[in-house]
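The structure under discussion appears below in the form of structure tokens.
The values are calculated or read from the model by the stated rules, or taken from the named source; none is laboratory data. Nothing here was measured: the structure is a model prediction, and the numbers come from that model. Here the Cβ positions follow ideal geometry from the backbone for every residue, glycine too, while neighbour counts run over all protein chains shown. SASA here: full protein model, heavy atoms, side chains in, ligands and nucleic acids out. Shrake-Rupley method; radii C 1.70, N 1.55, O 1.52, S 1.80 Å.
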Amino acid sequence: MTSIGILGTGRVGSGLARTLAATGHQITLGHRQPPQETPADPTGGVPAIRHADQRTTAATTDIVINATPGDTTLERLSALHTELAGKILIDVSNATRHAPDGLPSDLCYPGSSLAERLQRALPATRVVKTLNTMLFTVMTAPADLSTPPTAYLSGDDADAKAITAGLLADLGWKPAWIEDIGDITTARATEALVLLVPHLLRRHGLRPFAVSLAR
Ligand SMILES: NC(=O)c1ccc[n+]([C@@H]2O[C@H](COP(=O)([O-])OP(=O)(O)OC[C@H]3O[C@@H](n4cnc5c(N)ncnc54)[C@H](OP(=O)(O)O)[C@@H]3O)[C@@H](O)[C@H]2O)c1
């Protein structure tokens, strides 16, 4: 059992929280404004998920997943450098500017990536980028796609990537579907794949997809 903090309680954060809690991990869900009272069990019977503010979540867990808007992540997580020191930070966010319809239109960090900037800003934290190249439903149900999906891993620390791969396995990812593409600079490739997403969503709506390798 690993103590995992998830920053962001939206589609991505709540889905990861439910599935990782169901596989036996201790989950703390980090809200901007934590609920005053413990909410009704959101997991439908799987072990309880704790709720806290984002700073407390980062401070009290061993692995932290960032599932908040990517365009403001660098500033917000840099301010949590003390809480994140010595930990693994799994960044699943996409740092994009938005078109008038709310869909991604361009990268915030062309020629670089959010993950690289996070690693530079948080030298005492091991940053791993993954899961940002698919619809949120696929993160926790990869086997539901009719073609095998790919989860890319980028990061400077081999142990942190191995631990992240273990969590992906808990989410249903087979080893053959996990592609370690190298150090943290490789995240600029997977972060750029988000430029495909608005076109797919406009054509197909929320039909599950992953941007995957075919061999
Ligand atoms: N949706 C997808 O299919 C998908 C796929 C791949 C990657 N991603 C990336 O994953 C991240 C989360 O996506 P999502 O679809 O879950 O978004 P979402 O449904 O809008 O949820 C984002 C959550 O982040 C928190 N948040 C919002 N603004 C914030 C701020 N200024 N500071 C701190 N926390 C804030 C909110 O939780 P609280 O209000 O409870 O604090 C919110 O529920 C994004 O970076 C997105 O690009 C999404």
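Below, the figures for the structure above:
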{"quantity": "Stretchable slack from residue 75 to residue 174, in nm (0.36 nm times residue separation minus alpha-carbon distance)", "calculated": "32.2 nm"}
{"quantity": "Distance in nm between pseudo-label sites at residue 207 and residue 120 (7 Å out along the Cβ direction from Cα)", "calculated": "4.0"}
{"quantity": "Globularity ratio of the chain, using Cα Rg and 2.2 N^0.38 Å", "calculated": "0.95"}
{"quantity": "Residue-averaged [θ]222 nm for the chain, counting only DSSP H segments that reach four residues, each worth -39500 (n - 2.57)", "calculated": "-8000 deg cm²/dmol"}
{"quantity": "Cβ crowding within 10 Å averaged over residues, with 167-173, 178-184 ranked highest first", "calculated": "167-173, 178-184"}
{"quantity": "Charge tally in the Cβ shell below 12 Å around residue 155, where Lys, Arg are +1 and Asp, Glu are -1, residue 155 excluded", "calculated": "-4"}
{"quantity": "Estimated FRET transfer efficiency when R0 is 25 angstrom, pair residue 22-residue 53 (beta carbons, to 0.05)", "calculated": "0.55"}
{"quantity": "Gap separating the Cα centres of segment 125-158 and segment 177-215, nearest whole Å", "calculated": "9"}
{"quantity": "Whole-percent carbon and sulfur share, accessible surface of the chain, 1.4 Å", "calculated": "54"}
{"quantity": "For peptides 100-108, 134-142, 86-94, sequence by mean Cβ density within 10 Å, most packed first", "calculated": "86-94, 134-142, 100-108"}
